[in-house]
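Okay, so here's the structure we're looking at.
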Amino acid sequence: ATALGADYIEQDIVLTKDNIPIIMHDPEIDTTTNVATLFPDRARENGRYYS
């Protein structure tokens, strides 16, 4: 990023359910996992899935 001229790097640190910090831009895990297939009843009213 520095070589490309970036002024800073945004790191989105979120906590997992067991309080482990991870770097993940999107707080909804349905975009990067198969949680919707494994746990189809975990959908919230807005259609997203709990992480």
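If only residues of segment 1-21 that are of a type in the set (A, V, I, L, M) and loosely packed, with under 10 Cβ neighbours inside 10 Å are counted, the one that is farthest from GLU45 (Cα to Cα) is ALA3. Filter segment 5-31 down to residues that are at pLDDT below 80 and assigned to a loop (DSSP other than H, G, I, E, B), then give me how many there are. Counting residues in segment 5-31 that are at pLDDT below 80 and assigned to a loop (DSSP other than H, G, I, E, B) gives 4. The numbered conditions (1) at pLDDT below 85; (2) surrounded by 10 or more Cβ atoms within 10 Å (Cβ to Cβ) are all true for ASP41 except (2).
The values are calculated or read from the model by the stated rules, or taken from the named source; none is laboratory data. In this text, all values refer to a predicted model and were calculated from it rather than measured experimentally. Glycine gets a Cβ as well: all are built from the backbone with ideal geometry, and neighbour counts include every protein chain shown.
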